[in-house]
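Colleague: Pasting a structure below so you can have a look.
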Amino acid sequence: MKEYQLIVIGAGPGGYEAAIRAAQLGLTTALIERRDVGGTCLNRGCIPTKAMLHSAQLYREAANFELFGLHTENTSFDWAKVHQRKNDVVVKLRTGIEQLIKANKIDFFNNSASILGENDVQLDQGEVIRGENILIATGSVPARPPIPGLDLPNVVTSDELLDDPHFTQADSLAKEILIIGVEFASVFSSFGCHVTIVEAMERILPTMDREISQSLNMVLKKRGVSIHTGAMVEKLEQDENGLVCHFTEKGKAQAVPAQQVLVAIGRRPNTQGLFAEGFEVACERGRIVTDENFRTSVDSIYAIGDVTSKIQLAHMASAQGICAVHTIAGQKPPIDLRYVPGCIYTDPEIASVGITEDEAKQQGIPVKKGKFLMTGNGRSLIDEQERGFIKVLAHQETDVILGAQLMCSRATDIVAELATAIVNGLTCAQLAGVIRPHPTFCEGVTEAVEDVHAMAIHLAPKKR
Ligand code: FAD
């Protein structure tokens with residue numbers, strides 16, 4: 001029987017990064033994946049959606065080319081090619097990861113894994129391999145809430161929308177799409193599809209900063225997206241023209257027609273076939289329960305990523321995987337898991353890290369705020385991306401940065417600087433004491449942290 005110091009099950013961003021780190025730390029490592037390396041993130045999530053968003057953004061910008069002194073005639077798009085390019089990006093990245101797995105001398109098994117006991121894992125009901133430790137990183141799958149009509153044709157999850165030929169071939173782009181959840185609205189509206197968003201909470205992006213929700217609401221409405229909030233979907237029906245979504249919005253019955261319906265509300269932990277009969281670890285509502293070191297109810301078995309976490313994000317899965325492996329190797333986890341940047345890849349982009357104003361109020365934390373409107377940022381004007389803001393919250397007395405919310409171009413990159421500041425307990429004064437290159441979007445950070453002290457150069461003086 002082959003024996004390893006660590007067996008990792010699942011090669012999503014949580015699993016494959018954990019396996020590589022384990023190999024770097026000198027552990028003999030096996031990695032088992034039943035589908036493709038890269039998991040949901042690379043094959044059905046983060047990467048394909050962002051590749052499509054990039055095409056969508058370019059297409060929308062093409063409408064403004066005259067403004068930049070450029071002429072393009074008859075700009076059009078090829079839906080099948082949009083998907084083909086997305087697939088090309090995925091394959092390129094996947095090949096790179098496969099090579100890294102090999103180069104790190106990790107034993108890779110393209111099989112379905114089933115855990116037989118504390119140390120034994122069976123591959124496709126055949127060979128059994130043994131691990132001193134086992135790390136579960138089996139991720140999640142789309143959740144289908146119990147709404148009547150969810151099994152109708154053309155009612156899909158992101159999995160089908162990204163991969164099923166019925167939705168990816170030429171001429172398959174719907175004229176009207178209804179989205180339960182916010183994702184994908186930017187892509188489809190950019191390609192001229194009429195998008196309706198149905199959101200159960202009182203505002204879109206309910207966990208984000210209130211101002212960001214309101215601004216995104218405005219941007220999407222300006223692009224012709226219909227938004228229904230506080231709306232509970234009751235059922236979906238098929239009539240002679242297509243689908244009809246019935247929902248109650250603030251007590252009032254509504255019915256909206258659509259050619260396709262995308263159900264993008266939540267994902268459930270994936271433990272299907274993971275445990276052999278008679279053996280399992282403790283789970284709560286399908287989620288594997290772990291302690292702060294990612295150890296499950298069985299000492300030799302650890303679990304990380306979407307299969308365990310309330311925060312289902314690729315960077316969270318990777319960070320947890322790396323921390324778990326350092327713990328297994330007897331080392332201190334190298335990443336601070338308290339502050340997880342949250343990003344929405346709309347246009348303009350949205351990003352947040354640390355606390356929001358509402359959370360500070362609820363927790364009784366005295367904060368001061370700095371906010372810079374990107375209308376005063378040169379790079380934003382050059383790029384015709386002047387809408388948006390960067391907001392920073394700092395402790396009233398210590399000046400230590402506690403949170404940041406951004407809605408602007410490159411927000412999802414800039415937020416890393418603010419996360420670095422928060423993790424390291426930096427103050428606004430320290431962040432203001434850094435020269436940022438000009439002209440860049442990140443100059444907005446200088447202005448926002450300076451505004452905490454009412455010293456931003458490109459903002460009119462505050463009334464005292
Ligand atoms: P996964 O990526 O789900 O990987 C788990 C792997 O385990 C899979 O490959 C699966 O085949 C394999 N597996 C399962 N069971 C077994 C078994 N028994 N044996 C062998 N293999 C098994 N997150 C972000 O941070 N940013 C984004 O922009 C973003 N966009 C997203 C867009 C969409 C449409 C979706 C659906 C998700 C998005 N996410 C995003 C979430 C992100 O994809 C997940 O949080 C991330 O992939 C979780 O990583 P993981 O390693 O825990 O699991």
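The values are calculated or read from the model by the stated rules, or taken from the named source; none is laboratory data. These figures come from a predicted structure and were not determined experimentally. Note that each Cβ is placed from the backbone with ideal geometry, even for glycine, and that neighbours are counted across all protein chains shown. The protein model used for the area step is the full one, side chains on, heavy atoms only, and it has no ligands, DNA or RNA in it. Shrake-Rupley method; radii C 1.70, N 1.55, O 1.52, S 1.80 Å.
Colleague: If you take the beta carbon distance between HIS438 and ALA460 as r and set R0 to 25 Å, what does 1/(1 + (r/R0)^6) give as a FRET efficiency, to the nearest 0.05?
Modeller: The calculated FRET efficiency here is 0.75.
Colleague: Something else: Of all alpha-carbon pairs in segment 196-235, indicate the percentage at a distance above 17 angstrom.
Modeller: Of the Cα pairs, 26 percent sit more than 17 Å apart.
Colleague: Charges on Cβ only, +1 for Lys and Arg, -1 for Asp and Glu, centred on the Cα centroid of the chain; of GLN5, VAL37, PRO437, which one is farthest towards the dipole's positive end?
Modeller: Positive-most Cα among the choices belongs to PRO437.
Colleague: How much of THR40 can a 1.4 Å solvent probe reach, expressed as accessible area in Å² and rounded to 10?
Modeller: We get 30 Å² for THR40.
Colleague: Now for a different question. What do the square roots of 5 times the Cα gyration tensor eigenvalues come to for segment 343-464, in whole Å, largest first, as semi-axes of the equivalent ellipsoid?
Modeller: In descending order, the three semi-axes are 21, 16, 13 Å.
Colleague: In addition: By DSSP, what percent of the beta bridges with both residues in the chain are antiparallel, rounded to the nearest 5?
Modeller: Around 60 percent antiparallel, to the nearest 5.
Colleague: What is the distance, in nm, between label points placed 7 Å from the Cα along the Cα-to-Cβ direction at LYS102 and at ARG223?
Modeller: Distance between label points: 4.0 nm.
Colleague: What helices in the chain pass both tests, a Cα length along the helix axis of 20 Å or more and a mean Kyte hydropathy of 0.0 or higher, using whole DSSP H runs?
Modeller: Length and hydropathy pass: 314-328.
Colleague: Using r as the Cβ-Cβ distance of GLU357 and LEU67, and R0 as 22 Å, what FRET efficiency do you calculate, to the nearest 0.05?
Modeller: E(calc), rounded to 0.05, equals 0.05.
Colleague: At a 1.4 Å probe radius, carbon and sulfur cover how many percent of the accessible area of segment 134-242?
Modeller: 52
Colleague: Pairs LYS50/LYS222; LYS222/LYS368; LYS81/LYS175: which are spaced more than 20 Å apart, C-alpha to C-alpha?
Modeller: Pairs exceeding 20 Å: LYS50/LYS222; LYS222/LYS368.
Colleague: If I model segment 174-255 as equal point scatterers sitting on the Cα atoms and use the Debye formula, what is log10 I(q)/I(0) at q = 0.13 Å⁻¹?
Modeller: Cα-only, vacuum Debye calculation for segment 174-255: -0.40.
Colleague: Sticking with this one: With viscosity set to 0.692 mPa s at 37 °C, what whole-number translational diffusion coefficient in µm²/s follows for segment 64-165 from Stokes-Einstein and a Kirkwood radius over Cα pairs?
Modeller: 172
Colleague: Also, quick follow-up: If each DSSP helix of 4+ residues adds -39,500 (n - 2.57) and the sum is divided by the residues in the chain, what number results at 222 nm, nearest 500 deg cm²/dmol?
Modeller: -9000 deg cm²/dmol, from helical runs alone.
Colleague: Additional query: Just to verify a number: FRET efficiency for ASP171 and GLN84, C-beta to C-beta distance, R0 = 22 Å, to 0.05?
Modeller: Rounded to the nearest 0.05, the efficiency is 0.90.
Colleague: Using label points projected 7 Å from each Cα along Cα→Cβ, tell me how many nm separate ILE382 and GLN259, to one decimal.
Modeller: Label at ILE382, label at GLN259, 4.0 nm between them.
Colleague: Output the direction-averaged projected area (hull surface divided by four) of the convex hull of the alpha-carbon atoms of segment 255-330, in nm².
Modeller: Dividing the Cα hull surface by four gives the mean projection, 7.7 nm².
Colleague: Hey, what's the per residue convex hull volume over the C-alpha atoms of the chain, in cubic angstrom?
Modeller: Residue-normalised Cα hull volume stands at 181 Å³.
Colleague: Tell me which of PHE191, ILE301, GLN259 sits at the most positive position along the dipole axis of segment 161-316, charges placed on C-beta atoms (Lys, Arg +1; Asp, Glu -1).
Modeller: PHE191
Colleague: Give the share of C-alpha pairs in each 10 angstrom bin for segment 21-95, from 0 to the last occupied bin, in whole percents, shortest bins first.
Modeller: Pairs per bin, as whole percents: 16, 32, 25, 15, 8, 4.
Colleague: Can you check what the Kirkwood hydrodynamic radius comes to for segment 160-199, Cα pairs only, in Å to one decimal?
Modeller: That comes to 10.5 Å for segment 160-199.
Colleague: While we're looking at this one, here's another question. May I ask you to give the percent of accessible area on segment 1-85 that is carbon plus sulfur, with a probe radius of 1.4 Å?
Modeller: In segment 1-85, the share of accessible area belonging to carbon and sulfur is 50 percent.
Colleague: Considering every Cα-Cα pair within segment 293-384, what fraction, in whole percent, is farther apart than 16 Å?
Modeller: 70
Colleague: So what is Rg over Rh here for segment 321-369, counting just Cα atoms and using Kirkwood for Rh?
Modeller: So for segment 321-369, dividing Rg by the Kirkwood Rh gives 1.17.
Colleague: Using the Kirkwood radius over Cα pairs, work out the Stokes-Einstein diffusion coefficient for segment 96-219 at 4 °C and 1.567 mPa s, in µm²/s as a whole number.
Modeller: Stokes-Einstein gives a translational diffusion coefficient of 68 µm²/s.
Colleague: Compute the accessible area per residue over the chain, keeping the other protein chains in place, probe 1.4 Å, unit Å².
Modeller: 48
Colleague: Using a 7 Å offset from the Cα along the Cα-to-Cβ direction at both VAL340 and PHE77, what is the distance between the two label points in nm, to one decimal?
Modeller: My value for the distance between the label points is 3.0 nm.
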